[in-house]
Every structure is written in structure tokens, then in C-alpha cells.
Amino acid sequence: HLLIRRKVPWSAVLDVYLLQNGKLKLVVERIQAGLTYVDDTIRDVNGDKYVDFLVHWYPSSGCCLADVFNVYLYQPKTGTFTSDYEFINPKFLPDDKIIRGLLYGHPGEVGLYKYKWNGLLVDTIEFIYPSFSQKGKFIKTARHEFRPTPKEGVLLNKLPKEYMKLD
């Protein structure tokens, strides 16, 4: 593969080519607004032992933490990559095929998420939100909710340890 990265004041243009039969074939084309582009890297994020292509960026406006990664999974049979998956504030745990992270919003109000890679798909495992009716407790739900109540999920007395390692 060949990565060509072109940075100009208004954007970063990232093209990944596959060398196949003596010719270059474009397999990823990404244009990221210049003020938002942080960097790009390759690493295994889904636990299949193949390196994937990640574009890291940060929105140029907004109130809260929004560290965004667009992930292109490598497909070894074809040498190509999937369409991108977008994750906000993620922590990738490839050995467990897990992605944990923090959703977008104000501190103390925003939820946490846990996804799991299922081949080239992402399954939602859970969301955990601070309880607004019972301070110091949390609510675990199966889907993204805005300020869920205990009847929309399971009330937890404390945050599960696995989430304590998030930034």
C-alpha cells in the first residue's frame, strides 16, 4: 500500500493506494477539513491482527470533548478497506474486540458507550449514563437515550470498573 498525504491550509487529503498487478488502485480517499485534521495512523483496532487505517480529527467548534476517529478496516482478501466507522472519544481494545468511549456532551451529563467488533460490523453492547434522579448512581441502557430514567434501563450503584480507565 501507498499512502499519499497532502496538507494544504483548508484540508488534508489522504489517499491510500493498493499496488496490484503493477498498477496503483485507489482504495481509500479521505478529505478532512484542514482546521480539524489531527493526524492519521495505522494499527489494529478490531483484533483481527491486520492494521487498519485511522484518521484522527477534532471539530473546530462545540462545547465539549470531541476527539473523533474515522476507522477504515483492512480486508486482507482484497487488500482494500471498508467504508469508515466514526467513533467519538474512543478507546480501542483490540485484544477484546471492544471499543469504549465517551459520548458528546457536558461533563457530568454525558453517557459512556461500549461497542464490540463482530467481524466487519459493530455491535452495540451498552450505554451508561449518570442518573439525574438519584445522584451518584448510573443507568445502563441498551440504546442511546437522552437523560434516561431507571425504568428505561438498569440502575447501577456505581460506575463499572472497566469505564474508570477512560480519559
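A short reminder: the numbers here are calculations on the coordinates, not readings from a lab. Keep in mind it's a predicted model, so treat the numbers as computed, not measured. All Cβ positions, glycine included, derive from the backbone under ideal geometry; neighbour counts span all protein chains shown.
Report the residue, chosen from Ile139, Ile88, Ile31, that carries the largest GNM mean-square fluctuation when the chain is represented by alpha-carbon nodes joined by springs under 10 Å. So, out of Ile139, Ile88, Ile31, the one fluctuating most is Ile31.
Please report, in debye to the nearest 20, how large the charge dipole of region 1-158 is about its Cα centre when each Lys and Arg carries +1 at its beta carbon and each Asp and Glu carries -1 there. Approximately 220 debye in magnitude.
Converting phi to 3J(HN,Hα) with the Karplus coefficients 6.51, -1.76 and 1.60 and the offset θ = phi - 60°, region 40-47 yields 9, 7, 10, 5, 7, 10, 10, x Hz in sequence order, with x at every glycine or proline.
With the simple spin-label model, which puts each label point 7 Å out from Cα in the Cβ direction, the Thr78 to Ala142 separation comes to 3.2 nm. Using a simple spin-label model with pseudo-atoms 7 Å out from Cα toward Cβ, Trp10 and Lys161 lie 5.3 nm apart.
All other residues with a Cβ under 11 Å from the Cβ of Ile31 taken together, and with Lys, Arg as +1 and Asp, Glu as -1, what is their net charge? Walk me through the intermediate numbers first.
Details: positive: Arg6, Arg30; negative: Asp15, Glu29.
Neighbourhood net charge equals 0.
Karplus-based coupling profile of region 139-151, in residue order and whole Hz: 10, 9, 10, 8, 9, 5, 10, 9, 6, x, 9, x, 6, with θ = phi - 60° in 6.51 cos²θ - 1.76 cosθ + 1.60 and x standing for Gly or Pro. For a paramagnetic label modelled on His56 (point 7 Å from Cα along Cα→Cβ), amide N atoms under 17 Å away belong, within region 25-45, to 32-45.
What fraction of the Cα pairs in the chain, stated in percent, has a spacing above 20 angstrom? Taking all Cα-Cα pairs of the chain, the fraction more than 20 Å apart is 58 percent. Using the Cβ-Cβ distance between Ala33 and Glu109 with R0 set to 35 Å, the FRET efficiency works out to roughly 0.80. Near the amide H of Asp67, within less than 5 Å, lie the amide hydrogens of Asn89, all on another chain or at least 5 residues away, with H placed in the peptide plane. Here's how it looks for Ile125: its modeled amide H is under 5 Å from those of Lys114, Tyr115, Lys116, which are all 5 or more places away or on a different chain.
What number comes out for the charge environment of Val51, summing +1 per Lys or Arg and -1 per Asp or Glu over other residues with Cβ under 10 Å away?
Working: positive: Arg43, Lys49; negative: Asp44, Asp48, Asp52.
In short, -1.
Evaluate 2.2 N^0.38 Å with N set to the residue count of region 120-163, then give the Cα radius of gyration divided by it. Walk me through the numbers before you get to the answer.
Numbers: Rg = 11.0 Å, N = 44, 2.2 N^0.38 = 9.3 Å.
Taking N as the residue count of region 120-163, the ratio is 1.18.
As a ratio to 2.2 N^0.38 Å, the alpha-carbon radius of gyration computed for region 26-121 takes the value 1.12.
If you take the beta carbon distance between Asp67 and Leu26 as r and set R0 to 22 Å, what does 1/(1 + (r/R0)^6) give as a FRET efficiency, to the nearest 0.05? All intermediate terms of the calculation are to be shown ahead of the outcome.
Values: r = 28 Å, r/R0 = 1.26.
The pair Asp67/Leu26 has a calculated efficiency of 0.20.
DSSP loop chymotrypsin sites (Phe, Trp or Tyr not before Pro) in region 123-153 with at most 14 other Cβ atoms within 10 Å of their Cβ, which ones? Spell out each step's value before the answer.
Working: sites: Phe127, Phe132, Phe138, Phe146; in loops: Phe132, Phe146.
Filter output for region 123-153: Phe132, Phe146.
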